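Any read-out appearing in this document is the output of simple, stated calculations on the displayed coordinates, not a laboratory observation. These figures come from a predicted structure and were not determined experimentally. We place every Cβ from the backbone using ideal geometry, glycine too, and count neighbours over all the protein chains shown.
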Amino acid sequence: LFLSPAAASGRAQVEQEPFLETTEGASINITCSHTKKVSADYIHFYRQLPGRAPEFLALTARGSKSLPGNAGSLSVMDDGRSSSLRLDVARRGDAAVYYCALGA
């Protein structure tokens, strides 16, 4: 299973790992660092499956949030400097490009 986050850009700097790899059934954290997040900003996560349009996954401003269907969770660290999208049980169908974005 290959999970390939891509960097997203906006008014603040957002960075992600260029490539992640895991095995089917394992958990994985896709981390996004954002150095200029302010309290009003939300972290948005999307994924793009091969040959498909980007798909919205979740957003949150702080704390943790469960994703629908027990797919995983999204959390923003207390210092506001990073976020993590956790897939509890990675499946073959989760192989995609994952994007994080910072915005209102």
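Observations on the structure shown:
- Placed amide H near Leu20: partners under 5 Å, 5+ positions off or other chain: Leu3, Ser4
- For region 31-47, 3J(HN,Hα) per residue [Karplus equation, 6.51 cos²θ - 1.76 cosθ + 1.60, θ = phi - 60°, Hz, x = Gly/Pro]: 9, 10, 9, 9, 6, 10, 5, 10, 4, 7, 6, 10, 9, 10, 10, 10, 9
- In plain terms, the chain from Met77 to Val89 could stretch by 2.2 nm, reckoned as 0.36 nm per residue minus the Cα-Cα distance.
- Here region 14-102 is treated with +1 on each Lys and Arg Cβ and -1 on each Asp and Glu Cβ, and its dipole about the Cα centre works out to around 200 debye.
- Our summary of shape: the Cα atoms of region 14-102 have principal axis extents of 35, 24, 21 Å, ordered from largest down, in whole angstrom.
- Residues whose amide H comes within less than 5 Å of that of Ala61, counting only those at least five positions distant or on another chain, are Ile43 (H built at 1.01 Å from N in the peptide plane).
- A Förster distance of 22 Å, applied to the separation of the beta-carbon atoms of Ala53 and Glu15, puts the FRET efficiency at 0.40.
- For the peptides 21-33, 81-93, the ranking by packing is 81-93, 21-33, with the highest mean count of neighbouring Cβ atoms within 10 Å listed first.
- Of the chymotrypsin sites (Phe, Trp or Tyr not before Pro) found in region 15-104, the ones in coil according to DSSP and having at most 11 other Cβ atoms within 10 Å of their Cβ are Phe19.
- The trypsin sites (Lys or Arg not before Pro) of region 25-56 meeting both criteria, a DSSP state outside H, G, I, E and B (loop) and at most 10 other C-beta atoms within 10 angstrom of the site's C-beta, are Arg52.
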